[in-house]
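**Q** Dropping the structure in here first, questions after.
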Amino acid sequence: MDEPAVIWDRPEPTRRPAPSPLSRESIVQAAIRLADAEGLEAVSVRKVAAELDAGPMRLYGYLSTKDDLLDLMVDAAYGEIPLPEATGQDWRTTLRELGHGIRQVALRHEWFADLLGRRPHLGPQALAYLEASLAALDRADEFATIDEVSRAIRTLHAYLIGALRTEVAERRAERSTGLDKDSWRRKAAPYLTRALSSGNYPTVANFVHNATRQTPDTAFDTGLNHLLAGITPPKPN
């Protein structure tokens, strides 16, 4: 008989006592600690087993592949996102809360941003997050059909994935180079001054000299607000 495709369809083995009692929860938390400290590349069944003082073969009773482990880690991360109660709250408020919630998780667990948008997230916590997102629009008068809801959610998720991956990449670059954005701008200033003085990039020059600098918090919130303001389907003629 073929093994079920998703980890949540497979029963967890009966927990055994010492020397090293295991559970999917303890395995996932150990993997998350490794990923938080060293990145996704540090996560392997062997390393997680060592973290738990257990043999790697014991872990294969709880999961079959590293992809299973990543799926469980992603779902645990979704479980950290506070879900709004299903009340009469405005749909934009609900989606704004969910957007900020997923951002906070991605900043706590940068590897989470790497896994967003790869393959469908089907765990119970991910489905609860998706249900809250879809339901907020499905209840709204502006969205007449489930297709309109689907298109809006896809657009929102595309923004979230792009914004979070960009922010995480910038944080990693700052750590690896030791330069924050202002320090990097000062270092690049001589080259940029020469390039902009050529007159070939007038709009870039206007942007560099006159655009308001935003904090990461403000940039994310501004982008999210712009998207939510324009996400409703066009009215038929």
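**Q** Inside the stretch 125-163, can you point out the residues that are under 15 Å from ILE81 (Cβ atoms) and of a type in the set (D, E, K, R)?
**A** Once the filter is applied, which keeps residues that are under 15 Å from ILE81 (Cβ atoms) and of a type in the set (D, E, K, R), the stretch 125-163 yields only GLU131.
**Q** Shifting gears a bit: Suppose we filter GLU3, GLU51, GLU12, GLU85 for residues that are of a type in the set (D, E, K, R) and either at pLDDT 90 or above or in contact with a strand residue (DSSP E or B) (Cβ under 6 Å, 6 or more places away or on another chain) (or both); which single one remains? Don't jump to the end; show me each part of the working.
**A** On the way: GLU3 fails: either at pLDDT 90 or above or in contact with a strand residue (DSSP E or B) (Cβ under 6 Å, 6 or more places away or on another chain) (or both); GLU12 fails: either at pLDDT 90 or above or in contact with a strand residue (DSSP E or B) (Cβ under 6 Å, 6 or more places away or on another chain) (or both); GLU85 fails: either at pLDDT 90 or above or in contact with a strand residue (DSSP E or B) (Cβ under 6 Å, 6 or more places away or on another chain) (or both).
Exactly one residue qualifies, and that residue is GLU51.
**Q** Moving on. Can you tell me which residues in the stretch 189-237 are of a type in the set (Val, Ile, Thr) and touching a residue at least 40 places away in the same chain (Cβ under 8 Å)?
**A** ILE231, THR232
**Q** What do you reckon, is GLU148 assigned to a helix (DSSP H, G or I), over 14 Å from LEU95 (Cα atoms), under 28 Å from the mean Cα position of the chain (by Cα) and modelled with pLDDT under 95?
**A** No.
**Q** Still on this model: With the condition being within 30 Å of ASP221 (Cα to Cα), I'd like the helices (runs of 4 or more DSSP H) fully within the stretch 1-102 carrying at least 1 qualifying residues.
**A** Here the list reads 24-38, 66-78.
Here is a yes/no grid of residues against (1) surrounded by fewer than 19 Cβ atoms within 10 Å (Cβ to Cβ); (2) over 24 Å from GLU148 (Cα atoms); (3) not assigned by TED's automatic domain parsing to the domain that holds HIS157:
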residue: GLY99; (1), (2), (3): no, no, no
residue: GLN104; (1), (2), (3): yes, yes, no
residue: TRP111; (1), (2), (3): no, yes, no
residue: SER133; (1), (2), (3): no, no, no
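**Q** Residue under question is ARG171, and the condition is that it be of a type outside the set (A, V, I, L, M, F, W, C), assigned to a helix (DSSP H, G or I) and more than 19 Å from TYR78 (Cβ to Cβ); does it hold?
**A** yes
**Q** Okay, moving on. May I ask you to say which residue of LEU196, LEU160 is assigned by TED's automatic domain parsing to the domain that holds PRO216, under 23 Å from LEU116 (Cα atoms) and surrounded by 15 or more Cβ atoms within 10 Å (Cβ to Cβ)? Break it down into steps so the answer makes sense when it comes.
**A** On the way: LEU196 fails: under 23 Å from LEU116 (Cα atoms).
After ruling out the rest, the residue left standing is LEU160.
**Q** To continue, here is another question. I need a count of the residues in the stretch 63-85 that are surrounded by fewer than 21 Cβ atoms within 10 Å (Cβ to Cβ) and farther than 24 Å from ILE102 by Cβ.
**A** Count: 2.
**Q** So which residues in the stretch 206-237 are within 23 Å of THR166 (Cβ to Cβ) and surrounded by 14 or more Cβ atoms within 10 Å (Cβ to Cβ), if there are any at all?
**A** Passing the criteria: VAL208, PRO216, ALA219, PHE220, ASP221, GLY223, LEU224, LEU227, LEU228, ILE231.
**Q** Report the residue count in the stretch 103-141 for those that are in contact (Cβ under 8 Å) with a residue 60 or more places away in the chain, more than 12 Å from the chain's Cα centre (by Cα) and in a helix (DSSP H, G or I).
**A** 1
The values are calculated or read from the model by the stated rules, or taken from the named source; none is laboratory data. Model, not experiment: these values are computed from the prediction. Cβ: placed from backbone, ideal geometry, glycine included. Neighbour counts: every protein chain shown.
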